[in-house]
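The values are calculated or read from the model by the stated rules, or taken from the named source; none is laboratory data. Everything numeric in this text was worked out from a predicted model, so none of it was measured. Glycine gets a Cβ as well: all are built from the backbone with ideal geometry, and neighbour counts include every protein chain shown.
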Amino acid sequence: MIQIKDPKDCCGCTACASICDHDAITMKPDPLGFLYPTVNEEKCIKCGLCERVCAFNDHYDTNLNLNKPLVYGARHKDIHEVETSRSGAAFIAFSDSILEHGGVVYGAGYTDHFRVVHKRAITKEERDEFKGSKYVQSDMNTVFRQVKSDLKNGLMVLFSGTPCQTAGLNSYIEKRFRDNLYLLDIVCHGVPSPYVWRDYVKYVEEKYGGKITNIDFRNKRLCGWEDHKESFVINGHEYLSSSYTNLFYSDILYRKACNICYFANTNRPSDITLADFWGWEKTDEQFNTDNKGCSLIFCNTEKGSKWFESVKNQLYIIRPEFKDYLQPNLLQPSKASKKTAHFVYDYVHKGFPYCLKRYGNVGWRFKITTFKSKVVNKLNRIAKKIL
């Protein structure tokens, strides 16, 4: 039976729980809300399937991968799709092709009060909920089993998620059903804590005195594609903030598995990989001059390449050089902050508001640090002029 002795050895994909026909495995949250498998030994028949299906390792399945991925910069020809998507709306082109063939699309959306979960869509309107970044680990619940059911029923299925999720699903689905399964992953920095996100939503509502009715993790409409600020609509008013963003980029919110991620390279576990295309100007200085965003596309398999060929007429395309599109998380996993252990302790024992003030951009510590930085920068500029 599967036993997670070290939290870093589990990515939470749910493949082990999904494959157990006896429902002996349940996914239970840790203090940060990350889900881990727990085995009910009374139900377990010790078949070993849960251990064999785990794909979070350095020998995940890449048997169908091309020798080198085919890489493109892309942007949807429909500017509305670009403006309402996180990067260049390449995901819209790929998912439209599945839906137009009567297929099903799975992606990250919301349930309850902005809790991030994976959901199933059969229309473009339902699929549109998957647009945009969601910097929280999604709850997979029974999605793997839903995907298998759809495939058994002969449907085309697009599953989009983090590479650990697509690798887990690929391992879980039997080979005889994989022809109709299209896997699409994202270049991932790491997945932040579901409970921290939940508490941040509560904090914002208390701060502004109302219920949030809309959330955008990166508001491209107000801030452009390159900037990164979250926005909230409360009582009809839209508010911008960078507090959650600040915590995210501090590298203290990630699941422990993210810091040893096996998929942080160019040998991806999916047919297609998507990312923001940072460095587009090195290939074409005119491609994104309006700062509305563009996508980086990896075609990793022959299926992925054919899929791209079938949708490329919807996209403006450029071909970047290898050196111009590499990003840190295509080279190595995100490193854990030295403050992570202290943050987790304080979060569990003192709560989120305390942590936001101590580790975020709220409170006197941040103001003093910012003031010192400004003073040092000013002194350095004066020193350069004197010298």
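Only one of 124, 77 is surrounded by fewer than 18 Cβ atoms within 10 Å (Cβ to Cβ), farther than 28 Å from residue 154 by Cα and at pLDDT 95 or above; which? Before you say what the answer is, go through the steps one by one.
Values: 124 fails: farther than 28 Å from residue 154 by Cα.
Sole residue among the options that is surrounded by fewer than 18 Cβ atoms within 10 Å (Cβ to Cβ), farther than 28 Å from residue 154 by Cα and at pLDDT 95 or above: 77.
Specify which of the listed residues (89, 17) is under 21 Å from the mean Cα position of the chain (by Cα), crowded, with 23+ Cβ neighbours inside 10 Å and among the small types (Gly, Ala, Ser).
Working: 17 fails: under 21 Å from the mean Cα position of the chain (by Cα).
Testing whether each residue is under 21 Å from the mean Cα position of the chain (by Cα), crowded, with 23+ Cβ neighbours inside 10 Å and among the small types (Gly, Ala, Ser) leaves just 89.
Residues in segment 186-227 that are in contact with a Phe, Trp or Tyr (Cβ under 6 Å, 6 or more places away or on another chain) and aliphatic (A, V, I, L, M): 201, 204, 212, 215.
Suppose the filter is in contact (Cβ under 8 Å) with a residue 12 or more places away in the chain, hydroxyl-bearing (Ser, Thr, Tyr) and touching a strand residue (DSSP E or B) at 6+ places or on another chain (Cβ under 7 Å); does residue 171 pass it? No; evaluated as a whole, the condition is false for this residue. The set of residues in segment 163-188 that are surrounded by fewer than 24 Cβ atoms within 10 Å (Cβ to Cβ), part of a helix (DSSP H, G or I) and not basic (Lys, Arg) comprises 170, 171, 172, 177, 179, 180. Within segment 295-311, restricting attention to residues that are more than 19 Å from residue 266 (Cβ to Cβ) and in contact (Cβ under 8 Å) with a residue 40 or more places away in the chain, which residue is surrounded by the fewest Cβ atoms within 10 Å (Cβ to Cβ)? Top of the filtered list is 310.
Residue 342 meets all of the listed conditions (1) closer than 24 Å to residue 88 by Cα; (2) touching a helix residue (DSSP H, G or I) at 6+ places or on another chain (Cβ under 9 Å) but one, namely (1). Exactly one residue out of 282, 312, 306 is more than 28 Å from residue 101 (Cα to Cα) and of a type in the set (Lys, Arg), and it is 282. Checking each residue in segment 137-158 for being closer than 24 Å to residue 116 by Cβ and not charged (D, E, K, R) picks out 137, 138, 140, 141, 142, 143, 144, 146, 147, 149, 157, 158.
Among what's in segment 35-53 and is among the hydrophobic types (A, V, I, L, M, F, W, C) and part of a strand (DSSP E or B), pick the residue that is surrounded by the most Cβ atoms within 10 Å (Cβ to Cβ). Looking at the filtered set, the residue picked out is 35.
Checking 313, 329, 300 one by one, the residue that is touching a Lys or Arg at 6+ places or on another chain (Cβ under 6 Å), at pLDDT 95 or above and in the same structural domain as residue 98 (by TED's automatic domain parsing) is 300 and no other. Being assigned by TED's automatic domain parsing to the domain that holds residue 136 and in contact with a strand residue (DSSP E or B) (Cβ under 7 Å, 6 or more places away or on another chain) is a property that residue 294 has. Taking each residue of segment 19-41 that is among the polar types (S, T, N, Q) and looking for partners that are surrounded by 14 or more Cβ atoms within 10 Å (Cβ to Cβ) and outside any strand (DSSP E or B) with beta-carbon atoms closer than 9 Å, six or more apart or interchain, yields 26/17; 38/4; 40/24.
Being assigned to a loop (DSSP other than H, G, I, E, B) and not charged (D, E, K, R) is a property that residue 85 has. Just one of the listed residues (23, 6) is touching a helix residue (DSSP H, G or I) at 6+ places or on another chain (Cβ under 9 Å), modelled with pLDDT of 95 or more, under 26 Å from residue 145 (Cβ atoms) and among the charged types (D, E, K, R), namely 23.
Whether any residue in segment 104-124 is assigned to a loop (DSSP other than H, G, I, E, B) and over 30 Å from residue 7 (Cα atoms) is what I want to check.
Step one: list which residues in segment 104-124 are assigned to a loop (DSSP other than H, G, I, E, B), which gives 112-114, 122-123.
Add one more test, that the residue is over 30 Å from residue 7 (Cα atoms), and what stays is 122-123.
Scanning segment 104-124, I find at least one residue that is assigned to a loop (DSSP other than H, G, I, E, B) and over 30 Å from residue 7 (Cα atoms), so the answer is yes.
Has segment 225-247 got any residue that is without any contact (Cβ under 8 Å) to a residue 40 or more places away in the chain, buried (at least 20 other Cβ atoms within 10 Å of the Cβ) and assigned to a strand (DSSP E or B)? Yes, the conditions are met somewhere in segment 225-247. Only residues that are hydrophobic (A, V, I, L, M, F, W, C), at pLDDT 95 or above and in a helix (DSSP H, G or I) were counted in segment 189-224, giving 4.
Under the condition of being under 22 Å from the mean Cα position of the chain (by Cα) and assigned to a helix (DSSP H, G or I), the residues counted in segment 54-82 number 2.
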